[in-house]
Structure formats: structure tokens, C-alpha cells
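Participant: Let me begin by handing over the structure; questions about it come next.
The values are calculated or read from the model by the stated rules, or taken from the named source; none is laboratory data. Note that the structure is predicted; figures quoted are calculated from it, not measured. As a convention, Cβ positions derive from the backbone with ideal geometry for all residues, glycine included, and neighbour counts pool all protein chains shown. We work out accessible area using only protein heavy atoms, side chains counted, and drop any ligands, DNA or RNA first. Shrake-Rupley method; radii C 1.70, N 1.55, O 1.52, S 1.80 Å.
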Amino acid sequence: MALRSIKNVLADAALATPGQFLEWTKAWRIASENGSNESMLGFFSRESGLAEETFLQKLATALEWPFFELSKTAVTAEAQKRIPTKVAFQHSVLPLTFEGNLLQVAVSNPFDSALLNSVQFAAQSPVKFGLAPRGEIEKALKRYYGVGAETLEELDEDEALDLDISPDKEITEGDQEASVIKFVNQVIWEAFKDRATDIHFEPAEDELRIRYRIDGILHQTPMPPQLKRFQAALISRIKVMAGMNISEKRLPQDGRINVRIKGEEIDIRVSTVPTVYGESVSLRLLTRGKIFLGLEKLGFAPAEENALREIVLKPHGILLVTGPTGAGKSTSLYAFLSTINSVHKRIITIEEPVEYELKGINQIAVRADIGLTFAMGLRHILRQDPNVIMVGEVRDLETAEIAIRAALTGHLVFSTLHTNDAPSAFTRLIDMGIEPFLVASSVEAVLAQRLVRTICQHCKTEQRVERDYLLKIGFPADKIETAKFFKGVGCELCRQLGYQGRMGIYELLILTEQLRPLILNRSAASTIAAKAVEGGMRTLRSDGWIKVMAGQTTIEEVLRVTQSEEHMGALVEDLKP
């Protein structure tokens with residue numbers, strides 16, 4: 001379609017006067033010459049002040065073309081077969097249906113003659129075009145064809161590709177190597193865009209499954225069906241990036257990749273383990289800037305935040321953070337260290353591994369292969385004249401004994417422990433073999449935490465919850481009448497999940513004189529918990545209910561990450577924030 005007719009169509013659709021068209025065209029060309037890859041119609045819609053969807057709807061009416069809402073439109077397998085993957089991705093076109101020898105296709109630019117000709121040539125049948133936003137087409141292409149489908153097709157075209165890589169041979173050659181690199185980069189880029197914290201390459205008998213962990217939940221990523229054929233090449237590429245030995249496939253390996261995406265430095269921790277059907281590879285994405293949250297941004301209630309600030313400024317004692325893997329314990333510990341980091345304090349950490357480098361803090365990485373364990377490192381740290389020590393995890397009696405000795409000899413110690421709640425930390429230490437009197441005299445506080453997904457603010461809506469159900473799950477009866485509940489109905493921005501992002505819920509147990517006798521008498525965790533609640537401790541679930549009433553998360557999320565508190569009997573919990 002010639003430029004003259006574009007001008008006329010836009011004028012007929014009341015989208016641009018001839019003068020505006022000439023002005024926008026000139027500006028778009030200048031932007032393109034300066035490196036912008038924005039499409040002409042995308043640029044025009046922005047200049048017109050209209051959303052791209054509205055702009056295209058008006059344009060479709062003028063052209064007498066249909067406008068497709070792709071979120072409500074299914075792609076048939078027969079239509080998908082008519083357009084090669086390469087053509088679909090190169091021109092951002094989506095085949096929808098194929099009926100009666102007529103192929104219906106969604107495009108975002110009706111004025112691109114090369115696009116229209118390529119589709120008609122590839123389809124080998126009559127084509128009916130319709131309009132849809134470019135971003136929606138690209139999302140649908142990934143959903144139906146799979147992430148990186150066009151890259152794998154490029155690999156597929158060369159039958160000479162050897163996927164079994166020997167130690168003395170390069171991964172791939174020439175274009176094949178570029179395609180493998182491009183595919184791995186696409187997988188990492190998609191994960192970063194989706195805010196994923198982990199990427200898992202999981203080989204099975206007939207497929208290579210790739211899953212992303214987003215907001216703590218695993219989601220399978222759509223992948224091209226031929227992905228299994230390139231398993232060896234892809235995994236070898238990741239191992240090369242991580243500095244691993246690509247010839248060693250029988251033993252687990254660990255490595256690290258440093259990349260920059262959109263100006264952000266990202267550390268990727270890589271782990272491989274051998275499985276029946278090949279090596280399983282896990283990538284942990286660590287964005288440097290996101291870990292350094294101040295104490296005020298972690299979601300503590302004001303009283304708890306003030307109490308924690310007092311504890312981290314103490315000259316000695318132990319502060320334990322508990323919770324399962326992925327509960328945000330490292331984030332809390334780094335926030336504590338950042339709060340007290342100064343030229344007047346010598347802070348030394350021993351971690352496995354060192355996830356983030358903190359300026360002004362001496363960090364040691366555990367290396368069990370050469371005998372540098374938590375216990376050994378901690379023993380030598382005490383000879384380094386530290387004020388504050390952070391131990392990645394108390395996992396055995398020896399480490400626990402040295403940490404307690406450090407606390408009793410004038411050092412402030414931060415560490416983590418894997419227990420379900422704060423009161424269980426005391427019983428766990430005693431079960432390890434620590435004398436109760438040492439536990440009672442060294443531990444200052446225990447912070448238990450979980451991460452709950454937060455409601456997507458773009459599709460948040462109020463919901464009605466039955467009173468009987470609220471009473472059944474232990475929601476405070478005196479709050480039911482005034483409480484409002486919300487949920488996310490699902491939208492494109494949250495992948496139809498209703499959630500976007502995460503926040504912490506906490507249980508801070510400060511060791512008081514009322515609790516010490518219980519620890520000395522080896523009381524059960526439930527007894528310690530009941531006494532702590534009586535003294536004002538807010539449990540994980542109680543803190544969760546406060547976040548629910550604040551409209552930040554849902555009842556289902558709180559129930560998902562916390563355990564029942566029936567063992568506390570009929571104690572009334574103070575829910576005032």
C-alpha cells in the first residue's frame with residue numbers, strides 16, 4: 001500500500017490530518033535513523049494520544065478489516081501449520097483459523113507490503129487479514145509457538161548439526177553456535193521480563209521442560225516441541241557461560257554467570273545435576289539492586305521495626321531468622337547488615353555462597369571441598385577482631401556452639417535456622433545438643449518469616465467472604481464485620497494470576513524474662529509460643545491477616561504459607577497494627 005493511500009486511510013479514520021501525517025512521518029524517520037525500532041503505526045498512535053488498541057480499532061473500521069482481541073481468540077493447529085515459524089516471528093503475524101481454504105491472520109501493520117506478500121506466499125491459500133496490537137501478537141506467538149521458536153527453527157534447518165559435543169570439540173559451529181547462544185539469551189531475557197527468580201531446565205524422556213519460578217510459584221514456559229533435540233547443545237552452552245567443565249556429565253557442578261540486562265547487573269548462579277535423561281540445570285537470577293532493601297521497606301509493623309532496630313544495635317547476642325528455603329531470609333539479613341554497616345564496626349560474614357557483595361563488609365564463601373565449613377570459618381573469624389558476625393546457616397552442633405560462644409564473649413551474631421516458626425528455634429538448638437542455659441543466655445530474638453504474593457494492583461477487586469469460612473480458618477471474629485477482602489481477577493500484566501510481586505509476613509519473638517524459664521525447663525515449642533503470644537508476640541498468621549485487611553494479599557496466600565495455630569488454644573491475639 002503506497003504512502004499516499006496510508007495518508008488517506010488515516011484521514012478517513014479521523015486519526016491524522018494530511019499535515020499531521022507528514023509531520024509524524026518525518027519525525028518517525030528521524031527516530032529510526034537514531035536507532036529507534038518503534039513501528040510506524042506505534043509511533044503514530046503515540047503521537048495521536050490514543051492507546052494502540054484504540055488506534056488500531058479505528059484503523060480496522062476504516063479498512064473494513066476485523067479487529068481481534070487475542071486474549072479471547074484461540075489459534076487452531078491447522079492455521080498454525082500454514083505459516084512457518086520464521087515468517088510468523090519475523091513479521092509478527094499470528095495465524096488464527098483455517099476454514100474453507102481461507103486463512104485468517106492477525107497483523108499489526110496493514111501497510112507493510114513485504115509482510116502481506118510473505119504471508120500470502122507462505123499460506124499458499126487465500127488470506128483474510130485483521131488487526132491486533134503488536135505486543136499482543138508477540139505474546140500469543142510465544143504462547144502458541146514457544147519461546148525462541150524461530151531460533152530453534154534456524155537450528156532445525158541445518159541437518160548437519162551435531163548435538164553430541166565431545167570434550168575436544170566446540171559446542172557448535174558458525175551459525176549454529178550463534179543460534180544456540182541466541183536461544184539461551186532469549187530464555188534468560190524472558191525470565192527477567194517475567195520477574196522470575198529461577199529457571200529450571202528439566203530433561204524428561206521425550207521433552208526438555210523449562211520452568212520459571214515467579215513470585216515463589218513454578219510456571220511452565222511454552223517451548224517449541226523440537227526443543228528436546230537440542231538439549232545437549234543448550235546445556236553445554238549454559239555450562240560454558242558458567243565456566244563449568246562441559247565434558248563432565250556424571251557429577252554435579254556449580255558455576256556463575258554475570259550478565260547485564262537493560263542496565264541492571266544480574267548474577268546467575270548455575271547448578272547442574274545428572275538425571276536419568278540428562279543433566280538438570282537450575283539458574284538462580286539475583287538482581288544486585290533489589291536485595292538492598294532498607295529495614296523500613298521489608299513490611300514490618302512499626303513496633304516490630306523499632307524492636308529490630310534496637311536488637312541489631314546491641315553489642316552482643318544472637319538474632320536468628322527462620323523459615324524455609326525461599327522465604328527471604330537472606331534479604332532480611334542483608335537489610336540488618338546494611339542498617340549497622342559503618343566505618344566504626346568490623347563486620348565479617350561466612351556464607352554459602354556469597355549471594356551479594358556488600359561494600360565495607362568482609363565476606364567469606366564456604367568451600368567444603370577444601371575443608372572451609374561454617375564451623376571452621378567461624379572459628380577463625382573470632383580471631384579477626386569482629387564486632388558483628390553473620391553466619392549463613394546454623395546447621396550442626398559445632399557451628400551452633402561456636403556462634404553461642406561468640407555471642408557470650410561480646411559479639412553480635414546474625415544467622416538463619418530452618419524451623420517452621422520462631423518458638424521452634426529454641427527447641428531445635430536444644431535438640432542439636434546445646435545446653436538450655438546457653439540458649440537462654442545468648443539468643444536475643446528469633447524472627448520467623450514467609451513471603452506471600454501481593455494482589456495485582458491493575459486488576460484488584462473487592463470480594464465477599466462468608467463469615468462461617470472466616471471463623472473456620474481462624475480469622476479474628478471481632479474483625480469480620482469491618483474487614484474488607486480483595487483479590488486480583490487476572491490481567492495481562494499479572495499473567496492472569498491476580499498476583500504481582502511479594503511481601504513478607506513476620507513473627508518476631510523477643511526473649512523476655514517470662515520466656516527464659518520455659519527454655520531452661522526444655523518446654524515444648526507450643527508452650528513457648530502460647531506464652532510469647534500472651535506477652536504480645538504477633539504470629540505469622542496474625543501478621544498475614546493484617547496484610548489481608550490492608551488489601552495487600554489474599555486469605556488463600558496466608559493459608560498457603562502458614563500453618564494452623566490450633567495448638568495455641570483459645571488465646572486471643574492482638575491484631576492491632
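Participant: For Gln57, all conditions in the list (1) open to solvent by less than 40 Å² (accessible area, probe 1.4 Å); (2) in a helix (DSSP H, G or I) hold save one; what is the number of the exception?
Facilitator: Going through (1) open to solvent by less than 40 Å² (accessible area, probe 1.4 Å); (2) in a helix (DSSP H, G or I) one by one, Gln57 breaks only (1).
Participant: So which residues in segment 480-489 are surrounded by 15 or more Cβ atoms within 10 Å (Cβ to Cβ) and of a type outside the set (A, V, I, L, M, F, W, C), if there are any at all?
Facilitator: Lys487, Gly488, listed by residue number.
Participant: Check every one of the strands (runs of 3 or more DSSP E) wholly within segment 181-220 and list those with 2 or more residues that are exposed (fewer than 15 other Cβ atoms within 10 Å of the Cβ) and on the phi < 0 side of the Ramachandran plot.
Facilitator: Where strands (runs of 3 or more DSSP E) fall fully within segment 181-220 and carry at least 2 residues being exposed (fewer than 15 other Cβ atoms within 10 Å of the Cβ) and on the phi < 0 side of the Ramachandran plot, they are 217-220.
Participant: Identify, please: which residue in segment 379-403 is in contact with an Asp or Glu (Cβ under 9 Å, 6 or more places away or on another chain) and not charged (D, E, K, R) and is, among those, surrounded by the most Cβ atoms within 10 Å (Cβ to Cβ)?
Facilitator: Filtering first and then ranking leaves Val391.
Participant: In the list Gly299, Gly294, which residue meets the criterion of being of a type in the set (Gly, Ala, Ser), surrounded by fewer than 16 Cβ atoms within 10 Å (Cβ to Cβ), modelled with pLDDT under 95 and within 30 Å of Gly536 (Cα to Cα)?
Facilitator: On inspection, the qualifying residue turns out to be Gly294.
Participant: Hey, any hits in segment 495-512 for a residue that's open to solvent by 10 Å² or more (accessible area, probe 1.4 Å), closer than 17 Å to Ala425 by Cβ, in contact with a Gly (Cβ under 8 Å, 6 or more places away or on another chain) and in a helix (DSSP H, G or I)?
Facilitator: no
Participant: Another question, if that's okay. Any chance you could count how many residues in segment 543-577 are at pLDDT below 75 and outside any loop (DSSP other than H, G, I, E, B)?
Facilitator: Total satisfying the criteria: 3.
Participant: Considering only segment 316-343, how many residues are open to solvent by 50 Å² or more (accessible area, probe 1.4 Å) and hydroxyl-bearing (Ser, Thr, Tyr)?
Facilitator: Going through segment 316-343 one residue at a time, the tally reaches 3.
Participant: Given the conditions (1) free of Cβ contacts under 8 Å to residues at least 60 places away in the same chain; (2) open to solvent by 10 Å² or more (accessible area, probe 1.4 Å); (3) in a strand (DSSP E or B), which single one is not true for Val270?
Facilitator: In the conditions (1) free of Cβ contacts under 8 Å to residues at least 60 places away in the same chain; (2) open to solvent by 10 Å² or more (accessible area, probe 1.4 Å); (3) in a strand (DSSP E or B), Val270 misses (2) alone.
Participant: Just give me the residues in segment 525-542 being assigned to a loop (DSSP other than H, G, I, E, B) and under 18 Å from Thr419 (Cα atoms), in sequence order.
Facilitator: Kept after step one, since they are assigned to a loop (DSSP other than H, G, I, E, B), are these residues of segment 525-542: 535-539.
If the condition is that a residue be assigned to a loop (DSSP other than H, G, I, E, B) and under 18 Å from Thr419 (Cα atoms), then Met537, Arg538, Thr539 are the ones that fit.
Participant: Within segment 248-265, track down each residue that is farther than 23 Å from Val366 by Cβ and part of a strand (DSSP E or B).
Facilitator: Listed by number, the residues that qualify are Val259, Arg260, Ile261, Glu264, Glu265.
Participant: Could we say that Leu227 is in contact with a Pro (Cβ under 8 Å, 6 or more places away or on another chain) and among the aliphatic types (A, V, I, L, M) here?
Facilitator: no
Participant: Which is assigned to a strand (DSSP E or B) and touching a residue at least 24 places away in the same chain (Cβ under 8 Å), of Leu308, Leu285?
Facilitator: On the way: Leu308 fails: assigned to a strand (DSSP E or B).
After ruling out the rest, the residue left standing is Leu285.
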